[in-house]
Amino acid sequence: MDAFETIRQSARELHGRAASKDIDALDMMQLVKAAIDELGLELNFLEPGNIALKNSKALFDEQSDMICCENSGSTADRALLVAHELGHAVLHAGSVQCSEEDVDAASSMESAPVGLQRVEDYGAKERRELQANVFAREFLLPGETSRHLHTVDGLSAREIASRTGLQLGTVRQQLFDALLLPAYSDGDDSETSCVPIDDASQDRAVVHRGAPYQLQAGPGTGKTRTLIKRIEVLVAEGIDPASILVLTFSNRAAGELVERLTDRLPDDASKIWVGTFHAFGLELIRKHYDVLEFSPNPPLFDRSDAINVLQDILPTLPLEHYRNLWDPAMVLRDVISAISRAKDELIDPQQYRRLAESMRGDPQADDNKLIAADKCLEIADIYDLYEAAVRSRGAVDFGDLIMRVTLLLESDAAVRQQCRLRHRHILVDEYQDVNRASARMLKAIAGNGERLWVVGDARQSIYRFRGASSANMIKFSEDYPDAVIEQLKINYRSSSQIVGAFTSMAPKMGASAGMLALSLHPQSGEGPSLPSLSEFETERDEEAGIAHAVEDLKTNGVRYRDQAVLCRSNRRLGEIASALEARGIPVLHLGSLFERDDIRDLLSILSLAVDPFGDALVRIGRMPRYGLTLQDAYLASRFIRSQETPALACLSELSELEGLSDAGAAGLARLSVDFEGVTADISAWELLSTYILDRTDIARDLAQSSEITAQMSAVAIWQFLNFTREQTQFGSGNPIERMLDRVRQMVLLAEERDLRQVPASALHLDAVRLMTVHGSKGLEFEAVHVPGLSAASFPLSYRGQRCPPPIGMIEGDQGLSVPAAAKRAHAMEEECLFFVAMSRAREYLRLYRTTKQKGGNNRSPSSFLGWIPSALLQQESAAQQMALPEDAQSCGAIEVHVDDDWHMTETRLISYQNCPRRFFYTHILKLGSARKPTPFSLTHDCLYAFLRWLQRERLTANPDTAAAYAAFDNIWYDKGPHDHAFASEYYALATRLVDYAVIAGAGVSFVEPAMHEVTFQNGTVHVAPSEQGRMLEQGDIIRRVRTGYRRKKEFDDWTYTLYVLAARAAGLSDGAARALHLTDDVEEQVSLSATQINNRVAKIETLLSDFALGLFPIDVDPVTCPRCPHFFICDAVPSGSVSQA
Amino acid sequence: MTQGTIDAEFAKICHEMILANEIPNPDMLDTYVKQYPQYSVELTDFAVALALDVLAPLYEEVDDAPERATPAVSRTMSHFQNALFDAQQKGDVRRLETKQVLAHMQNAANPIAALSKAGFKGFACRLDVNSVLAAKLRDRQIASDTMPAAFITMVAQCIPEDIDIVAAHLMAAPDQTLRARQFHKADGKPGNSEQESFEDAVKNSGLTEDQKRKLLAY
């Protein structure tokens, strides 16, 4: 059971006792007064500013058992204050005072794991205030009550707020928790490993005193239990709990420690500081902000914010090696990573520059090394400017939380001594994840380390991208010369066969260097089976094999929730999740949140409020609530486009359109009502809360379903709503526009990974857990399935570094070149990941691999499989598969009737090939929202507009360069990115192409390009050449003009075949087809053999056939999809056919 | 053990820490806290203040002590001024801010805060006040120079405690209850440093009319 469920239970229990006193349970003040009586407390309402309130809104005084509250606001507001303090009285020891910020019953239990919330929520005070808020909410309006009011009595959030007097935000949050999070029931708790009886290695670690201590704890050895025991013993010996500092690396680990401490030391746990290094750093920054020259509460920038800072100052950045005109944001992400990595090593911009200059000054440096040095110098310059920009905003980034604090502690004796006196006993969990900066922070506080106790396992070091290095485990003896190093000896988790399998790996692992040899006694004894390896030809077969294995284990008594599939990559995880769900196996997997159907529905709702063309109707119309046919959506879309008012203003007229189906008309009328009162400047949270709770049955329906897929959908929506609560401070436009832009950017930069984490409140569902190996750290399961054990898949191939650090920056890499060190670190991490994956399993470990690549070539097994002795691995020679149900295999064809004057052109066919679904939206439904294009695409648009002008002008005369420039300038200042940071670069790029376009016209007399029909078996393609005319020597020509450069295998592109066939159709020779590439000034004849032409014709035939069959599948690409105008509506299509006529 | 004994005990510990003539270190603090767990918060704060006095003498952690002193307070101050003088005579090179040290001394002596829950309720009942006013007395939120002497005597009787101790307590700076909150964002910054007059306290503590009348009659 998660910690908040325990709190909610306490609140419900008190509510029950209070409500039993013959009161109106929806009268908030009566309810709190009854609870006050029940608990024997004293309640006093005092005027605001009364000295007894001590500048707070409310307080609980433990000595007098008294709650004092400000006598302001509505009755329900005051009741909420009292309920919050009741939470403290019931849950927490000690008196407490609560400010206005502390009392926020609308705050979610789990904030979106992005930005400040990722760091802040685990400060002890913040945690207690959050607990009191959750308590207050549940006490005043228990989940069951709010659920009943909404689902049975049919009340909206506003109606419930009106009835109870509670703030709307509080009611909404309570409803979302009650309706969207799966209810807990007895028996939902998982079994954990057996409890040890006597463990001398744990006992030694617990009682150790008088010297720095490092405990090497292999998988399943009970390190957390040992850590908790040590704290218990310290407190029993008389150590002040408030002097104990426990540091870890993830909020999840911190939360688990807090829960376990609260269970073991209920009176003292709240005094012990438990949190992440970053949270501790933030606390010290807030405490010593004046010394650090910050404001008292500086804003914290996450990676997205950091990238936005760089984008804001783009004009000033001296980008040469790291300039990407196509998409500047892509390279800025890598630059921010390089800066962050520098901070992990406590390297400031000046030191970075010195290291880079040293590389430049190396007399033996060859050209490559000099370029590497220049790249580092460029990063140093950007780092300088970045720091100045962040400081000017009074902010800190994640790296600063450790770096700035560490440097302060090292330089300021007063601050350091203060810290040492307050935090006298330090325990660190997951020490293998420490980076150099946090190791030095620790050293500054721990001094000689006499009271420092750390636990970790270098073989589970899987966060090297954060600067973590097992070198810090080895350096512990150097950092603390009197250190004692020991290890835990008993594995409580896994069967002897599984322990044997992963311990056999240990000696071969790079991370084992310098560590004690791994020797574990498996306390569980022999398990039911050996780890097994199943081989399949393709990934589809592998999915089917995993499904079969899951069901087989289920039949043998292993619940779904006790099984996990651990993948190396998110992409593969998504595919396996879909495959299992298609076979009726419930999965606990959110996947990429913004690419889920249910979330895209809500993103489309948001989009409809701000997109003037209302393209989102295509997806919204598909929702059962509206039931539009494809034709209805098309008609509505065309109508909106014909109006001069935005879509939001037209909604009320849509239901009257001619040609709508009856259901469509009703649906559009309903949509108009659902959007009544919505304005474009509304916040995303406000719109979605109103839409979900007050206008529709979405939450109601989800709450009443017991299907796992519906429950996961509800959890995803809950997670998404949490995300929308936070407003980004960057970007332009309305709040929703900014949010939608932020979503696109997060997907493009892969910043939304943390949102894939299933909230703690949903972890009890009986569904197979799907997660990456990284995500499985610290967890264990009865059965673990690890697919993808083929070469280049696991271990993943090393892909190099985009922004390599300067030589000498990474401590521990001395002696190796930067690329060699990075490659070694990558290899070691892959080994550790496999080690972690293997060691998660208790009884069953199932490994899988595929034997064929996509193209049919053979695929080698993962090198890691060779590390497992054959006696410990059972090869499954005839692994079984679970077939897909028949209806899962339907192709989803769409019947399309185009206008009489609609033709398949060469351009459209290219679009169809690139992504048939995007083609469908753009060319069939004629959608295309007015979203912000990139400067690169704007430049391209200007160039093509210029080429069209040039084509027209050339019909009468060939314009000279001056006239061409003048025409281009007009286009540029009308449509180009002339106010962008790289405007001059884009302009220079474009005008160079303008130059060549003019030159390439010399000696050609142009005519109006005619449309040439090229007929195929499966359809006709209309080819409209870029240029048509007569060249002096070559005669009549049709020419394809591209702005880019000529690739080596340029004519492999079937579009050139179309030009050859078009030339034939025009009665010209094959040689009449020509190509012009403006970037590298190449003009030539298209040269293709008969065989090549035949092959390409076959390809075109396939494309035309698929089009004719109405096949418009999506083609997912991580870079182009977030930039696609149809990103939020993809891949939804309402049922039925569409006719453009 | 009376509050007087407790105060003397705490004073003795602080005296020892001063005379140790070194910057307090974690080991020393642990030893004291183990011996006197009831003063864990105060000892930690005092050790930090001592350290800051040496390492960052301009660092302001607490408010100034009140300027006027009752006889009891004067005796307390006198005791530590002697200790301070002794330390300086021995060549103690530290620059101790007397007020800061004394403020810590004074804050340690709170006879009302030392009461159990039942003791506190009994105290309030005997004094015929509600918990709000009793807490204001505990937290020194009522200006002592506005309190009738007879009332102070009654307070002492109702605790019960020696009048000098009670007077010293009431004269001291408002109790920084926030120091007890380990995780408060602003270390040492008090949440209540204000005081009000006795009459105002009686009028706006939510007392009954009868209670107000009795108190104002002192």
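The values are calculated or read from the model by the stated rules, or taken from the named source; none is laboratory data. Note that this is a predicted model, so its numbers are computed, not measured. Virtual Cβ from ideal backbone geometry, glycine too; neighbours counted across all protein chains shown. All accessible areas refer to the heavy atoms of the entire protein, side chains included, with ligands and DNA or RNA removed. Shrake-Rupley method; radii C 1.70, N 1.55, O 1.52, S 1.80 Å.
The A and B chains share an interface that buries close to 4100 Å² of accessible area, total over both sides, probe 1.4 Å.
Based on protein heavy atoms only, the protein assembly as shown ends up with 40 Å² per residue of surface accessible to a 1.4 Å probe. Quote the FRET efficiency, to the nearest 0.05, computed for residue A:370 versus residue A:1008 with a Förster distance R0 of 51 Å and r equal to the Cβ-Cβ distance. Here the calculated transfer efficiency is 0.45.
Determine by what factor the alpha-carbon radius of gyration of the range A:264-312 differs from 2.2 N^0.38 Å, reporting the quotient. Please list the in-between numbers first.
On the way: Rg = 15.6 Å, N = 49, 2.2 N^0.38 = 9.7 Å.
In units of the 2.2 N^0.38 Å rule of thumb, it is 1.61.
Using only Cα atoms, locate the centre of the range A:610-624 and the centre of the range A:909-987, then give the distance between them in Å, rounded to an integer. When both Cα centres are located, 27 Å separates them. For the protein assembly as shown, with all protein chains in place and a probe radius of 1.4 Å, 49% of the accessible heavy-atom surface sits on carbon or sulfur. Straight-line reach from residue B:212: taking Cα to Cα under 16 Å and skipping same-chain neighbours fewer than 8 places apart, the lysines in range are B:136, B:203. At R0 = 25 Å, how high is the FRET efficiency between residue A:884 and residue A:529 if r is their beta carbon distance? Nearest 0.05 is fine. Calculated transfer efficiency: 0.40.
Express in % the proportion of alpha carbon pairs of the range A:277-355 at distances exceeding 23 Å. Don't skip to the answer; put the middle values down first.
Working: 1048 of 3081 pairs.
So the portion of pairs separated by more than 23 Å is 34 percent.
Kirkwood analysis of the range A:444-593, using all unique Cα-Cα pairs, places the hydrodynamic radius at 19.1 Å.
Keeping every protein chain in place, order A:555, A:276, A:851 by accessible area at 1.4 Å, biggest value first, i.e. largest first. Can you show the working numbers first?
Details: A:555 115, A:276 10, A:851 35 Å².
Output order, biggest surface exposure first: A:555, A:851, A:276.
Our note on the geometry: Cα centres of the range A:469-542 and the range A:776-796, 14 Å apart. Partner lysines whose Cα lies under 16 Å from the Cα of residue B:12, excluding those fewer than 8 positions away in the same chain, are identified as B:34.
Dimensions of the range A:3-180 along the principal axes, based on C-alpha atoms and rounded to the nearest Å, stand at 45, 45, 27, largest first. Label zone (residue A:952, point 7 Å along Cα-to-C-beta; backbone nitrogen cut-off 20 Å) within the range A:962-991: A:962-976.
Its relative contact order, with pairs defined as Cα atoms under 8 Å and 6+ residues apart, puts the range A:3-180 at 24 percent. P(r) for the range A:858-947, from all Cα pairs and a bin width of 5 Å, is 3, 8, 9, 13, 12, 8, 7, 7, 8, 9, 8, 6, 3, 1, 0 %, short bins first.
Applying Stokes-Einstein at 10 °C and 1.306 mPa s to the Kirkwood radius of the range A:156-295, computed over alpha-carbon pairs, gives a translational diffusion coefficient of 84 µm² s⁻¹.
Straight-distance candidates among the lysines for linking to residue A:975, with alpha-carbon spacing under 26 Å and chain neighbours fewer than 8 residues away dropped: A:926, A:932.
Annotation: amide H of residue A:905 within the under-5 Å range of A:1022, sequence separation 5 or more or interchain, hydrogens built in the peptide plane.
How would the range A:896-1123 be classified by its alpha-carbon gyration tensor: rounded, prolate or oblate, with rounded meaning a/c under 1.5 and the a/b versus b/c comparison settling the rest? Mind showing how you got there, number by number?
Details: a/c = 1.81, a/b = 1.13, b/c = 1.60.
Verdict is oblate for the range A:896-1123.
Which shape class, rounded, prolate or oblate, goes with the range A:727-816 when its Cα gyration tensor gives a ≥ b ≥ c as root eigenvalues, a/c under 1.5 marks rounded, and past that a/b bigger than b/c marks prolate? Show your work: numbers first, answer last.
Values: a/c = 2.23, a/b = 1.05, b/c = 2.12.
Oblate, because a/c is 1.5 or more while a/b does not exceed b/c.
For the range A:1129-1141, 3J(HN,Hα) computed residue by residue from phi via the Karplus equation (6.51, -1.76, 1.60; θ = phi - 60°) reads 9, 4, 10, 6, 9, x, 6, x, 10, 9, 10, 7, 5 Hz, glycine and proline entered as x.
Output the relative contact order of the range A:1047-1141, whole-number percent, from Cα pairs under 8 angstrom with separation of 6+ residues. Please list the in-between numbers first.
On the way: 49 pairs, mean separation 17.5, N = 95.
Worked out over the range A:1047-1141, it gives 18 percent.
With Cα atoms as the point set, the range A:301-393 shows a radius of gyration and Dmax of 13.3, 42 Å. Taking a ≥ b ≥ c as the square roots of the eigenvalues of the Cα gyration tensor, an a/c ratio of 1.5 or more together with a/b no larger than b/c marks the range A:595-759 as oblate. For the protein assembly as shown, the spread of Cα positions along the three principal axes, ordered from largest to smallest, is 120, 74, 73 Å. Restricting the range A:765-806 to trypsin sites (Lys or Arg not before Pro) that sit in a DSSP loop and have at most 15 other Cβ atoms within 10 Å of their own Cβ leaves A:799, A:802.
3J(HN,Hα) along the range A:441-456, derived from phi through the Karplus expression 6.51 cos²θ - 1.76 cosθ + 1.60 where θ = phi - 60°, amounts to 4, 4, 4, 4, 7, 7, x, 7, x, 4, 10, 9, 9, 10, 9, x Hz, with x in place of Gly and Pro.
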